[in-house]
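Data first, discussion second: the structure below is written as structure tokens.
The values are calculated or read from the model by the stated rules, or taken from the named source; none is laboratory data. Every value quoted in this text rests on a predicted model; they were computed, and no experiment measured them. Heads up, the Cβs are rebuilt from the backbone with ideal geometry, glycines too, and the neighbour counts pull from every protein chain shown. We work out accessible area using only protein heavy atoms, side chains counted, and drop any ligands, DNA or RNA first. Shrake-Rupley method; radii C 1.70, N 1.55, O 1.52, S 1.80 Å.
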Amino acid sequence: MGKITAAITSVQGWVPEDKLTNKDLESMVDTNDEWITSRTGIKERRILKGEGLGTSVICINAAKECLRKVNCAPETVDMVLVATITPDMVFPATANIVATELGCVNAWGYDVQAACSGFLFALTTGAQFIETGRYKKILIIGADKMSSIINYEDRSTCIIFGDGGGAVLLEANTDGLGVIDFTLHSDGNGANYLHQKAGGSRKPATHDTIDAKEHYVFQEGATVFKFAVTNMSDSAASILERNSLTSDDIDWLVPHQANNRIIEATAKRIGLPMEKVMVNIQNYGNTTAGTIPLCLSDYESQLKKGDNLVIAAFGGGFTWGAIYLKWAYDSIA
Ligand SMILES: CC(C)(COP(=O)(O)OP(=O)(O)OC[C@H]1O[C@@H](n2cnc3c(N)ncnc32)[C@H](O)[C@@H]1OP(=O)(O)O)[C@@H](O)C(=O)NCCC(=O)NCCS
């Protein structure tokens, strides 16, 4: 029997219906469609509206369909990992809420907090449990309700983020398909440039922190941009080099959708034409841990068994990295 690898056997994205367009933002902050489009590539984002609806709603909707598509009974799932920085509550883990709601009664799991790299970190973590032979089926979900931590009076952040996410099913494979290699990194110095000041144990939420708007995302955009371009490009280039691949061997680059200029820089660095790059930032903005499964879902019908994918991300922490993955199935769509 060949080595066990962890293959994605199903994927499904989910976004709420309500749209927040660039035009809408023009009436909320001092910005305009032309600036947002040319500086980021974003045209609209989705917003999860409704009392009491948290990130678990996105996770459950995506994961339910992800399992249904391949007739996977929820009770056969061994583990559920949710990558998010906007959990329903500080505790318990959103993964626990999601697993129970899905009927994954035999699964255990937890949340992975690595901001925009969260899906990559969770996918890699889940893959280890499959590769050891310990587990057969793991749900990996990346989702964020960014609207819950965005200040809609701050034009430097509110134009970027949106709500959404997606789920993949990881299963054991012995034909050499699935996660082949990964290079992941984190650097706590990045906290200075991208963080949420209050609401954690260092600075619990108070009236004062709310008045100071410290429960929202703080971002030094230009600095984050520089680090994102360098690190996403470097890790994509490094995963190719480590696996003796050239751009001709790569069928798809799946980049985290933070800014179209970061995506283009990464593609250029590894010599890939934009036709081979998954881009849906125009529709959803940056959904943090949600962007990569949302991309895989939107492009699922174009993916073929054996396709070589490079998935790359950069985010708060800082966290970043790339995964080399062989797609495991032809879409039935
Ligand atoms: C946020 C981001 C889009 C801003 O783009 P930028 O080109 O770096 O813009 P800057 O912040 O340097 O600002 C340039 C000018 O545009 C202005 N500006 C900023 N936001 C604006 C907006 N929404 N509308 C109009 N003008 C805006 C600034 O005030 C500044 O004006 P000035 O030159 O008069 O001072 C960009 O930095 C970015 O994408 N950063 C990375 C984001 C990211 O990846 N975050 C998630 C982690 S992965």
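Whether any residue in the range 95-105 is open to solvent by less than 60 Å² (accessible area, probe 1.4 Å), of a type outside the set (Asp, Glu) and in contact with a Gly (Cβ under 6 Å, 6 or more places away or on another chain) is what I want to check. Before you say what the answer is, go through the steps one by one.
Step one: of the range 95-105, the residues open to solvent by less than 60 Å² (accessible area, probe 1.4 Å) are 95, 97-99, 102-104.
Checking the rest, the ones that are also of a type outside the set (Asp, Glu) come to 95, 97-99, 102-104.
From what's left, in contact with a Gly (Cβ under 6 Å, 6 or more places away or on another chain): 95, 99.
Yes, some residue in the range 95-105 is open to solvent by less than 60 Å² (accessible area, probe 1.4 Å), of a type outside the set (Asp, Glu) and in contact with a Gly (Cβ under 6 Å, 6 or more places away or on another chain).
How do the pairs read when you match residues in the range 12-30 that are in contact (Cβ under 8 Å) with a residue 40 or more places away in the chain with residues anywhere that are within 16 Å of the ligand (Cβ to nearest atom) and polar (S, T, N, Q), using Cβ under 6 Å and keeping only pairs 6 or more apart or on different chains?
Leu25/Thr31
Of the residues in the range 197-221, how many are outside any loop (DSSP other than H, G, I, E, B) and open to solvent by 80 Å² or more (accessible area, probe 1.4 Å)?
Filtering the range 197-221 down to residues outside any loop (DSSP other than H, G, I, E, B) leaves 207-211, 217-219, 221.
Retained after the next criterion (residues that are open to solvent by 80 Å² or more (accessible area, probe 1.4 Å)): 207-208, 211.
Selection size over the range 197-221: 3.
Taking the condition of being within 16 Å of the ligand (Cβ to nearest atom), open to solvent by 20 Å² or more (accessible area, probe 1.4 Å) and in contact with a Ser or Thr (Cβ under 9 Å, 6 or more places away or on another chain), how many residues in the range 150-173 meet it? Walk me through how you get there before you give the answer.
To start, the set of residues in the range 150-173 that are within 16 Å of the ligand (Cβ to nearest atom) comprises 150-165.
Narrowing further to those that are open to solvent by 20 Å² or more (accessible area, probe 1.4 Å): 151-156, 160.
Next cut, in contact with a Ser or Thr (Cβ under 9 Å, 6 or more places away or on another chain) only: 151, 155, 160.
Final tally of qualifying residues: 3.
Out of the residues in the range 253-285 that are of a type in the set (A, V, I, L, M, F, W, C) and under 15 Å from the mean Cα position of the chain (by Cα), state the one that is surrounded by the fewest Cβ atoms within 10 Å (Cβ to Cβ). It would help to see each step written out before you state the result.
Quick first cut of the range 253-285, residues of a type in the set (A, V, I, L, M, F, W, C) only: 253-254, 258, 262-263, 265, 267, 270, 272, 274, 277-279, 281.
Those left that are additionally under 15 Å from the mean Cα position of the chain (by Cα): 253-254, 258, 263, 278-279, 281.
Numbers: Leu253: 24, Val254: 25, Ala258: 26, Ile263: 24, Met278: 22, Val279: 19, Ile281: 27.
If we take residues in the range 253-285 being of a type in the set (A, V, I, L, M, F, W, C) and under 15 Å from the mean Cα position of the chain (by Cα), then Val279 is surrounded by the fewest Cβ atoms within 10 Å (Cβ to Cβ).
Is it fair to say Ile281 is within 23 Å of Ala222 (Cβ to Cβ) and within 14 Å of the ligand (Cβ to nearest atom)?
Values: within 23 Å of Ala222 (Cβ to Cβ): yes; within 14 Å of the ligand (Cβ to nearest atom): yes.
Against the criterion (within 23 Å of Ala222 (Cβ to Cβ) and within 14 Å of the ligand (Cβ to nearest atom)), Ile281 qualifies.
Do you know which of the residues in the range 224-252 that are of a type in the set (Val, Ile, Thr) and more than 14 Å from Thr319 (Cα to Cα) is nearest to the chain's Cα centre (by Cα)?
To start, the set of residues in the range 224-252 that are of a type in the set (Val, Ile, Thr) comprises 224, 229-230, 239, 246, 250.
Going one step further and asking which of them are more than 14 Å from Thr319 (Cα to Cα), we end up with 239, 246, 250.
Values: Ile239: 19, Thr246: 25, Ile250: 21 Å.
Going through the qualifying residues, I end up with Ile239.
Which count do you get for residues in the range 112-149 that are open to solvent by less than 10 Å² (accessible area, probe 1.4 Å) and assigned to a strand (DSSP E or B)?
Residues that pass the stated criteria total 7.
Working carefully through the options Ile262, Ile210, find the one that is aliphatic (A, V, I, L, M), within 15 Å of the ligand (Cβ to nearest atom), at pLDDT 95 or above and out of contact with any strand residue (DSSP E or B) (no Cβ under 6 Å at 6 or more places or on another chain). Steps first, answer last, please.
Details: Ile210 fails: within 15 Å of the ligand (Cβ to nearest atom).
Residue meeting the stated conditions: Ile262.
When residues of the range 150-177 are filtered for being assigned to a strand (DSSP E or B) and under 21 Å from the mean Cα position of the chain (by Cα), how many remain? Quick ask: steps written out before the conclusion?
Of all residues in the range 150-177, those assigned to a strand (DSSP E or B) come to 161, 163-173.
Adding the requirement that they be under 21 Å from the mean Cα position of the chain (by Cα) leaves 161, 163-171.
The total comes to 10.
Just name the residue that is surrounded by the fewest Cβ atoms within 10 Å (Cβ to Cβ) out of those in the range 293-325 that are within 16 Å of the ligand (Cβ to nearest atom), aliphatic (A, V, I, L, M) and under 14 Å from Asn231 (Cα atoms).
Ile311
When you look at Thr183, is it more than 17 Å from Ala83 (Cβ to Cβ), assigned to a helix (DSSP H, G or I) and open to solvent by less than 30 Å² (accessible area, probe 1.4 Å), yes or no? Walk me through how you get there before you give the answer.
On the way: more than 17 Å from Ala83 (Cβ to Cβ): yes; assigned to a helix (DSSP H, G or I): no; open to solvent by less than 30 Å² (accessible area, probe 1.4 Å): yes.
Here the answer is no, as Thr183 does not meet what is asked.
List every residue pair whose Cβ atoms sit under 6 Å apart, with the two residues 6 or more apart in sequence or on different chains, where the first one lies in the range 241-268 and is small (Gly, Ala, Ser) and the second, anywhere, is part of a strand (DSSP E or B).
As it stands, the answer is Ala258/Asn286; Ala267/Leu253; Ala267/Val277, since those pairs meet every condition given.
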